[in-house]
1. Based only on the alpha carbon positions, what is the Kirkwood hydrodynamic radius of the chain, in angstrom?
2. For Val271, what charge total do you get from the other residues with a beta carbon under 13 Å from its beta carbon, if Lys and Arg give +1 and Asp and Glu give -1?
3. Taking the solvent-accessible surface of protein heavy atoms with a 1.4 Å probe, what is the per residue accessible area of segment 1-148 in Å²?
4. Quick check: at a probe of 1.4 Å, how many percent of the accessible area of the chain sits on carbon and sulfur atoms?
5. Net charge within 13 Å of Glu281 by Cβ-Cβ distance, Lys/Arg positive one each and Asp/Glu negative one each, not counting Glu281 itself?
6. Quick one: net charge around Glu236, please, counting Lys, Arg +1 and Asp, Glu -1 for every other residue with C-beta under 11 Å from its C-beta.
7. If only Cα atoms are counted, what is the Rg of segment 2-71, and what is its Dmax, in Å?
8. Arranged from highest to lowest average of other beta-carbon atoms within 10 Å per residue, in what order do the peptides 241-250, 204-213 appear?
Amino acid sequence: MRLCRFGDSRLGLVEGSKVRDVTAALDVLPAYRYPLPGYDPLIASLEDVIDRIGQIAASSPVLALEGLRLLSPVANPGKIIAAPVNYAAHLSEVASDSQLNAGNPGHLVTIHKAGLFLKANSSLVGPGEGIALWHLERRNDHEVELAVVIGKRANNVSRKDALQYVAGYSIGLDISIRGQEDRSFRKSPDSYTVLGPWLVTPDEIPDPGQLDLSIRLNGETKQSSNTKYMTLGVAELIEMASSFYTLHPGDIISTGTPEGVSPIVPGDVIVATIEKIGSMEVKVRAAETIGGRHGEHNVSHKAGNLR
Ligand code: MN
């Protein structure tokens, strides 16, 4: 099953090039009062929602997928966990390129030593919202990654049991400003985590370790690999993450990017594809300042020749 969120936070059941508007199935969710839970309510009740979708889908309105504004399929994750340097060929390209390693190649270590990092929840958008670049004077890169959505609360999960805790898979983009700051800082501006185009339930992806993934930038293929080249697979990443924090329904694990990262600038169009999930188009623009120091982060610095 493929579930999307679209428009003004409608719930959609994706069937090929059509989407059934099954928003009425959200009526099975409990009513929450303040304080709100620290997990995603839809993912926490996903089995009940899917049961209800089964009852109402046939009589639900049918829309064309094309033209719908797709939002992140997870609206309120408790946390966004990300894997650094989880493909050996990407680790090699970072080690050999001073623009990628910020001049500190000796500081690069494997994921076994680096562990995982967190991205701000406020960085999360869907493909229809696009990427708004901050700090145009610096190098901003695309990173395509298989994203795992956790379905059940758990900690200290063994890799043997780990896939039982998966609610589904999506395509993730881990947009990154290059530099010396902590990853959590330079990968967390608004819109720097894109999740989409929908959530695919695990019955459609029995082996997340055998998926082609790629990214095209303005029609040119930049990244093209397979999740079999991940240093730590999905099960190992769940084991690692859950050994440091309890995982909750809706938590997202972005599993790392393969080689081929490259700069993006306003006006670019990204198409990211993962086998058995689908493709999503994401447009790149410059961020607008909302109050504060008007325009400073984009207007006073001219974009250099970054490509
Ligand atoms: Mn990444």
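1. On the way: mean 1/r = 0.0506 Å⁻¹.
Evaluated on the chain, it is 19.8 Å.
2. Residues near Val271 contribute 0 overall.
3. Values: 6870 Å² over 148 residues.
Ligands and nucleic acids excluded, the figure is 46 Å² per residue.
4. Values: 7020 of 14050 Å².
Ligands and nucleic acids excluded, carbon and sulfur give 50 percent.
5. Taking every other residue near Glu281 into account, the sum is 0.
6. Result for the local shell: +1.
7. Expressed in Å, the Cα Rg and Dmax of segment 2-71 come to 12.7, 39.
8. Those peptides, ordered most packed to least, come out 241-250, 204-213.
The values are calculated or read from the model by the stated rules, or taken from the named source; none is laboratory data. What you are looking at is a predicted structure, and each value in this text was computed from that prediction instead of being measured. Neighbour counts run over all protein chains shown; Cβ positions are idealised from the backbone, glycine included. With ligands, DNA and RNA removed, areas are computed over all heavy atoms of the protein, side chains included. Shrake-Rupley method; radii C 1.70, N 1.55, O 1.52, S 1.80 Å.
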